[in-house]
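Asks: Below is the structure I would like to discuss, written out as structure tokens.
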Amino acid sequence: MSKPLTNDYLVEAENGFIGMQSRTNPLELESGYLQYSQNMRLDRNTAAVRKGLKRMTPNDIAGSAIYASNTFLSLDGTEYIILASADRLHVYNIQTQSIDDSILYPTGRTIAATDNCDLVQANNVLYILRGSGGDFKTADNITFSSSLSAGTSTATVTINGHGYATGNEVIISGVTSTPENAYNGSFVITVTDINTFQYTVNSIPSVPTVQPNSIYCQKGKSPLVWDGSNAITVTPQGSSSLGAANMPCSDFGMYSSNRLIYKLQRDKIAASDYLSNDTWDLQFSQFTINLGANDYIVGFQDWQQDQFLIFQRNSIYYAYIDPNGYTSGAPPGGNTTIQTLTSEFGCSARRSIVQAGEFIFFLSDNGVYLLNPSLDLKLLGNTTPLSNNISDIMSRINVDYVSNAVGKIFNNRYYLAVPIDGSTRNNAVLIYSMLNKQWESIDTYPSGMYIDNFVVALYTTSSTSYTGAAKRLYAISQEKGIFLTEENNYDEFEFTTGTPTLPFTLPFTMTSNFTQYAIAGQIITRRYFYNNYSAKHFSSAEMDILCNQNDSLKVTAITKNPDNSKQIFNFASSTDQDYTKRFRIASRGFGLDIKIESLSGRPTIRGLRITSTVPGRNLISET
């Protein structure tokens, strides 16, 4: 009597998860690699839904958008998060988790949505940069009239076709009077006609002395300065001497080796005097980068041995300013140099540039690059982008708004917020694990949530001390304020008024709270085909998971050739528990992808095992 031969069982398994390679053919992926990972963290080779946002500012910030943000460390060691809006600074106290103060800018000084704004701390003060200045114009004449009762003088400046508007900020220099420089400085003007404008001087100085071609006007928003306690003031202005000029207007800058480094124009930078932030030698300490090239300066990054990097859109440069030079108008030291690092690629987003130990990450037009130091500390760049394995996701970035991208290193990860799928603001975050050396996830958030900046600052639950404080990553939204990342089991976003759910027990307290959004965690495995191109019957699966109470997930089987998709497992945990779950697949196809989605909470997937058979002929023997 004959007996059918049993089919051979084939088994493939994931004993852990290492990273995401969405660009790679899923047939080529090795065990542990995922086709796709959304809102997940692959710590210790397990796939867990990320922790969610905790909203730290209960209301929109004074009805005003946030144009720049940074941390500020006061003289007493207290750390704050500073938010710059249109007409004031908001000072967020990390201990009390509230805005301690809102400090107005000087009258008439504002930040507009079109201004390039940056916050730079140097020598215990905070500089508020509000954009580059315009071209210098030579005034034809200046006259004045005084009001003895008000103790002011009104200066009238004549420039044929000046092109200014009432409310513009203008820097005046070159006027001689007593007291000295009374008419020089930064002023908010009133336009009287197309050739004249006026500004007010809060004194009654002598008649201004006018020399031919000696009075200069520049339209520009002068940097503001805050010392951490008193009012915000305008930085000293009015001196245009090449050897001892005042602080220039700028889009962005950094503090490096006891000097401020500012971008002046598309291809020019300037450095302040050593330990003298208000003195700038625009003759000896101004540098033109790659003159004549179709390129422009994007950002700076501090480096080792007093060097810093200058990133242009298509190239990168080393810069070193000799500490013995540019001191009180002294000429440059002999070791001051600017050298080319590479002209193969540059940077497309200033705030994507971050340093992690000996490495520097940044976003270019070709993807994310990583600079590595050689033995002599010279940086080397690989021609293959670090983001090569997720280049399909990188291609979704809106190139017209890529300059908005912002990166930060935290907890051995590179967080890169980018605008994708046509968004003009950063609506997704790409996560690179420095431990796994792989891309880990693309994080998404509730609709309307945009990450305009990242800052790393302390977080503590104590309102009186830094007991138990630890560095944490905060996300800044232009409208919604400050969010603590990696904190909740859900995302807090919209501000709502609590509504009781019936039935309820009295007494009932109406409270204000935030809408809680479930985090849409998802992974898609590599394609299981057992290195065999025959049709298969995918029979069953086993999954090792860790769930907290009320965590839930679902599993979908996606077969290829024939193409089909069906839900094969749904599970909700009633308690905190480890589980090994077995469930049927019962699908046929050449290959199989498994998609696992979280429905609530933060379930963790530790491993997965797929069993299938390859149908064969039933052999019959006759006796």
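The values are calculated or read from the model by the stated rules, or taken from the named source; none is laboratory data. A quick note: this is a predicted structure, and the numbers were derived from the prediction, not measured. Quick reminder, even Gly has a Cβ in these numbers, built from the backbone with ideal geometry, and neighbours come from all protein chains shown. Side chains are part of the model used for accessible areas, which takes the heavy atoms of the whole protein and leaves out ligands, DNA and RNA. Shrake-Rupley method; radii C 1.70, N 1.55, O 1.52, S 1.80 Å.
Asks: Filter region 133-156 for residues that are open to solvent by less than 50 Å² (accessible area, probe 1.4 Å) and under 33 Å from the mean Cα position of the chain (by Cα) and give the result. Walk me through how you get there before you give the answer.
Replies: To start, the set of residues in region 133-156 that are open to solvent by less than 50 Å² (accessible area, probe 1.4 Å) comprises 133-134, 139, 142, 147, 151-156.
Of everything in region 133-156, those that are open to solvent by less than 50 Å² (accessible area, probe 1.4 Å) and under 33 Å from the mean Cα position of the chain (by Cα) turn out to be G133, G134.
Asks: Oh, and also: Can we say Q198 is over 24 Å from I103 (Cα atoms) and out of contact with any Phe, Trp or Tyr (no Cβ under 7 Å at 6 or more places or on another chain)? Reasoning before the result, please.
Replies: Numbers: over 24 Å from I103 (Cα atoms): yes; out of contact with any Phe, Trp or Tyr (no Cβ under 7 Å at 6 or more places or on another chain): yes.
Yes, satisfied.
Asks: Check whether at least one residue in region 41-49 is on the phi < 0 side of the Ramachandran plot, under 23 Å from the mean Cα position of the chain (by Cα), in a strand (DSSP E or B) and modelled with pLDDT of 95 or more, and report yes or no.
Replies: yes
Asks: Please determine whether any residue of region 420-433 is over 21 Å from I476 (Cα atoms) and either among the basic types (K, R) or not in a loop (DSSP other than H, G, I, E, B) (or both).
Replies: Within region 420-433, one or more residues are over 21 Å from I476 (Cα atoms) and either among the basic types (K, R) or not in a loop (DSSP other than H, G, I, E, B) (or both).
Asks: Here's something else I'd like to know. Search region 349-365 for residues that are β-branched (V, I, T) and pair each with any residue that is assigned to a loop (DSSP other than H, G, I, E, B) when their beta-carbon atoms are under 7 Å apart and the residues are at least 6 apart or on different chains.
Replies: I353/C347; I360/I353
Asks: With respect to F187, determine if the residue is open to solvent by less than 50 Å² (accessible area, probe 1.4 Å), closer than 16 Å to G133 by Cβ and not basic (K, R). Break it down stepwise before answering.
Replies: Numbers: open to solvent by less than 50 Å² (accessible area, probe 1.4 Å): yes; closer than 16 Å to G133 by Cβ: yes; not basic (K, R): yes.
So F187 fits the description; yes.
Asks: Failed condition for L435, given (1) touching a helix residue (DSSP H, G or I) at 6+ places or on another chain (Cβ under 9 Å); (2) on the phi > 0 side of the Ramachandran plot, with all others met?
Replies: The single condition L435 does not satisfy is (2).
Asks: Looking at D118, is it in contact with a Phe, Trp or Tyr (Cβ under 6 Å, 6 or more places away or on another chain) and of a type in the set (D, E, K, R)? Quick ask: steps written out before the conclusion?
Replies: On the way: in contact with a Phe, Trp or Tyr (Cβ under 6 Å, 6 or more places away or on another chain): yes; of a type in the set (D, E, K, R): yes.
Here the answer is yes, as D118 does meet what is asked.
Asks: Among the residues of region 267-292, write down those that are out of contact with any Asp or Glu (no Cβ under 8 Å at 6 or more places or on another chain), open to solvent by 40 Å² or more (accessible area, probe 1.4 Å) and either within 13 Å of Q312 (Cβ to Cβ) or not in a strand (DSSP E or B) (or both).
Replies: K268, Y274, L275, L282, Q283, F284, G292
Asks: Something else now. Out of (1) buried (at least 21 other Cβ atoms within 10 Å of the Cβ); (2) among the small types (G, A, S); (3) more than 35 Å from the chain's Cα centre (by Cα), the odd one out for S250 is which?
Replies: Condition (3) is where S250 drops out.
Asks: Hey, L430 hits all of (1) modelled with pLDDT of 95 or more; (2) open to solvent by 20 Å² or more (accessible area, probe 1.4 Å) but one; which does it fall short on?
Replies: The number of the failed condition is (2).
Asks: Has region 63-76 got at least one residue that is modelled with pLDDT of 95 or more, open to solvent by less than 30 Å² (accessible area, probe 1.4 Å) and not hydroxyl-bearing (S, T, Y)?
Replies: yes
Asks: May I pose another question? Mind checking which strands (runs of 3 or more DSSP E) fall wholly inside region 316-397 and carry at least 1 residues that are within 28 Å of N277 (Cα to Cα), open to solvent by less than 20 Å² (accessible area, probe 1.4 Å) and at pLDDT 90 or above? Outline the logic, then answer.
Replies: Numbers: elements: 316-320, 337-342, 354-356, 359-364, 367-373, 379-381.
Here the list reads 316-320, 354-356, 359-364.
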